[in-house]
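Trainee: The structure is given below, and queries will be raised subsequently.
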Ligand code: ADP
Ligand code: MG
């Protein structure tokens, strides 16, 4: 993947977030304050406004601009968390002119580390990490036997979506949803749902 494809991924993320704006806010309404779709949509709309300047940037620069914009323009906990994820992923590809499928585990790991650095959550606390961590593990595992992008990205999406589904069964102990405690059980975590959407956007563009 070179710069143009990465920009297409960012555009696809924005479109899919916009399309799922109500869905994500509805999920957040059940266990939070109902703004997750609004926050994410606003953040990605701001990222798209930077498209012209991002066209002159390298891969790391594109991810960094995306991260900084999300961190500063998204109200809500998810902005700084996703922002840090993109910024940490940017560090992984600093100086590179191409991203390959082999880079994916390191990119996901950096994103996860960034989210954990900021939010101090671990697996099983009903957050975006419960979609991203299994996705990273699935990618690592399948790369032991596969090197084509298609099966790897499909495994990543499946693990993220299963992870988001799994958040229905657990109690939130981090973020706003932790205030409703036991009552959060039975509802999908909105951040896990948006993470699955973002990862699916990567696959949509790459496998197009
Ligand atoms: P807010 O909670 O401030 O309204 P959003 O609704 O935009 O922000 O985002 C909520 C999502 O953020 C949650 O569904 C969860 O996935 C994620 N989140 C919240 N706190 C944390 C944390 N400490 N670590 C990881 N993810 C978190
Ligand atoms: Mg919210």
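The values are calculated or read from the model by the stated rules, or taken from the named source; none is laboratory data. What you see is a predicted model; the values in this text were computed from it and never measured. Cβ sites come from the backbone with ideal geometry, for glycine too, and all protein chains shown count toward neighbours.
Trainee: Can you find even one residue in the stretch 75-95 that is away from ligand 2 (no atom under 16 Å from the Cβ), surrounded by fewer than 17 Cβ atoms within 10 Å (Cβ to Cβ), over 16 Å from the mean Cα position of the chain (by Cα) and part of a loop (DSSP other than H, G, I, E, B)?
Mentor: So in the stretch 75-95, the residues away from ligand 2 (no atom under 16 Å from the Cβ) come out as 84-95.
So of that shortlist, the ones also surrounded by fewer than 17 Cβ atoms within 10 Å (Cβ to Cβ) come out as 91, 94-95.
Now restrict to residues that are over 16 Å from the mean Cα position of the chain (by Cα): 91, 94-95.
Cutting the leftovers down to part of a loop (DSSP other than H, G, I, E, B) gives us 94-95.
So far as the stretch 75-95 goes, yes, one or more of its residues are away from ligand 2 (no atom under 16 Å from the Cβ), surrounded by fewer than 17 Cβ atoms within 10 Å (Cβ to Cβ), over 16 Å from the mean Cα position of the chain (by Cα) and part of a loop (DSSP other than H, G, I, E, B).
Trainee: Follow-up question, since we're still on this one. How many residues are near ligand 2 (Cβ under 10 Å from one of its atoms) and surrounded by fewer than 16 Cβ atoms within 10 Å (Cβ to Cβ) when one looks only at the stretch 30-74?
Mentor: So the count comes out to 2.
Trainee: Also, I was wondering about something else. Could you run through the stretch 151-175 and say how many residues are touching a residue at least 24 places away in the same chain (Cβ under 8 Å) and over 16 Å from residue 103 (Cβ atoms)?
Mentor: Residues of the stretch 151-175 that are touching a residue at least 24 places away in the same chain (Cβ under 8 Å), as a first pass: 152-154, 156-157, 159-164, 166-167, 170-175.
Among the residues that remain, those that are also over 16 Å from residue 103 (Cβ atoms) are: 154, 157, 159-164, 166-167, 170-175.
So the answer is 16.
Trainee: If I go through the stretch 180-195 residue by residue, how many of them are assigned to a helix (DSSP H, G or I) and either within 16 Å of ligand 2 (Cβ to nearest atom) or crowded, with 24+ Cβ neighbours inside 10 Å (or both)?
Mentor: Start the filter on the stretch 180-195 by keeping residues that are assigned to a helix (DSSP H, G or I), which leaves 180-184, 190-195.
Remaining after also requiring either within 16 Å of ligand 2 (Cβ to nearest atom) or crowded, with 24+ Cβ neighbours inside 10 Å (or both): 180, 183-184, 190-195.
The qualifying residues number 9.
Trainee: Evaluate the stretch 31-50: report whether one residue or more is out of contact with any helix residue (DSSP H, G or I) (no Cβ under 9 Å at 6 or more places or on another chain), more than 21 Å from residue 135 (Cβ to Cβ) and in a helix (DSSP H, G or I). Before you say what the answer is, go through the steps one by one.
Mentor: Initially, the stretch 31-50 is screened for residues out of contact with any helix residue (DSSP H, G or I) (no Cβ under 9 Å at 6 or more places or on another chain), giving none.
Checked the stretch 31-50: no residue is out of contact with any helix residue (DSSP H, G or I) (no Cβ under 9 Å at 6 or more places or on another chain), more than 21 Å from residue 135 (Cβ to Cβ) and in a helix (DSSP H, G or I).
Trainee: Something else: Look through 140, 98, 125 and report the one residue that is surrounded by fewer than 18 Cβ atoms within 10 Å (Cβ to Cβ), in a loop (DSSP other than H, G, I, E, B) and either at pLDDT 95 or above or within 16 Å of ligand 1 (Cβ to nearest atom) (or both). Steps first, please.
Mentor: Details: 140 fails: in a loop (DSSP other than H, G, I, E, B); 125 fails: surrounded by fewer than 18 Cβ atoms within 10 Å (Cβ to Cβ).
The match here is 98.
Trainee: Scan the stretch 51-74 for residues that are assigned to a helix (DSSP H, G or I) and within 16 Å of ligand 1 (Cβ to nearest atom) and jot them down. First the steps, then the outcome.
Mentor: Applying the first criterion (assigned to a helix (DSSP H, G or I)) to the stretch 51-74 yields 51-54, 59-73.
Listed by number, the residues that qualify are 67, 69, 70, 71, 72, 73.
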